[in-house]
Amino acid sequence: MENKNYKLLSLDIWDTILRRKCHPDAIKVYTSRKLYLDAKSYIKVEMRNLRALTKLRVDVERELGTACRESGFDDEYDIRDVFRKWILYAFDKEYPDVDGLVERLYRFELNTEMENIYLDPNIDATIDSIQHDKLVCISDFYASKEFLEELLNSVGMKNKIEEVYSSCDFKVNKRSAL
């Protein structure tokens, strides 16, 4: 193989650097359970089960993604916006601290991801085998660069990632090729 040095090595995060021990949607179910346990008395009676809450969350994601696309971007959204609208739709009375609940759900989902991810066992060796000047990561994901950086920092990766790009921060995903 040619011993070439690349200026930029760009990798996807999910299923390249990070792997999950569970299906990605399981994380959403865990977060639905957290919402249920933390605020059951505020949740509409018909939403008081994990299936209904998780479906509502996915519907909110779709709604926010569609609104983003209709404004000229790709179908992207941020997790905090999802949680805020999810709470609005799921509750039948006003919650006293929506911002606090959004942050608790955010931290919970981040911590749940950290409990369920691991570093691909071959990624550091693979990166080491490709001479490069700069390593960056790109992900189509509904959480910010900061969220992804916390996940990456939690798995003990040897190689230094110089920049992380998340589609939700730019409202553009990899599929659009923009």
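The values are calculated or read from the model by the stated rules, or taken from the named source; none is laboratory data. These numbers come from a predicted model, not from an experiment. We place every Cβ from the backbone using ideal geometry, glycine too, and count neighbours over all the protein chains shown. Just the protein is used for accessible areas: all its heavy atoms, side chains included, with ligands, DNA and RNA removed. Shrake-Rupley method; radii C 1.70, N 1.55, O 1.52, S 1.80 Å.
Evaluated at q = 0.15, 0.19 Å⁻¹, a Debye calculation over the C-alpha positions of the chain (equal weights, vacuum) places log10 I(q)/I(0) at -0.91, -1.27. Summed over the residues of the chain and divided among them, the accessible surface reaches 56 Å² per residue at a probe radius of 1.4 Å. In summary, the range 88-178 shows an alpha-carbon radius of gyration equal to 1.38 times the 2.2 N^0.38 Å reference for compact globular proteins. Dividing the mean sequence gap of close Cα pairs (under 8 Å, 6+ apart) by how many residues the chain holds gives a relative contact order of 33 percent.
Taking a threshold of 31 Å on the Cα-Cα distance, which of the pairs Lys4/Lys28; Lys7/Lys171; Lys55/Lys158 fall above it? The answer is Lys4/Lys28; Lys55/Lys158.
Annotation: for a label point projected 7 angstrom from Cα along Cα→Cβ of Val155, residues of the range 1-24 with backbone N closer than 18 Å are 9-24. Toward the positive end of the charge dipole of the chain, with +1 on the Cβ of Lys and Arg and -1 on the Cβ of Asp and Glu, the farthest Cα among Leu148, Val164, Tyr42 is that of Tyr42. Rg over Rh for the range 61-114 works out to 1.04, both radii taken from alpha-carbon positions and Rh defined as the Kirkwood radius. Placing dummy labels 7 Å off each Cα toward the beta-carbon, the span from Lys174 to Glu103 is 3.3 nm. Between Tyr95, Tyr106, Tyr165, the Gaussian network model of the chain with springs among Cα atoms under 10 angstrom shows the greatest mean-square fluctuation at Tyr95.
Which entries of Lys44/Lys85; Lys134/Lys174; Lys21/Lys85 show an alpha-carbon separation above 24 angstrom in the structure shown? Correct reply: Lys21/Lys85. The label point for Thr126 and the one for Leu8, both projected 7 Å from the Cα toward the Cβ, are 2.0 nm apart. Applying a length cut-off of 20 Å (Cα extent along the axis) and a mean Kyte-Doolittle floor of -0.5 to the DSSP H helices of the chain leaves 24-39, 50-70, 98-115.
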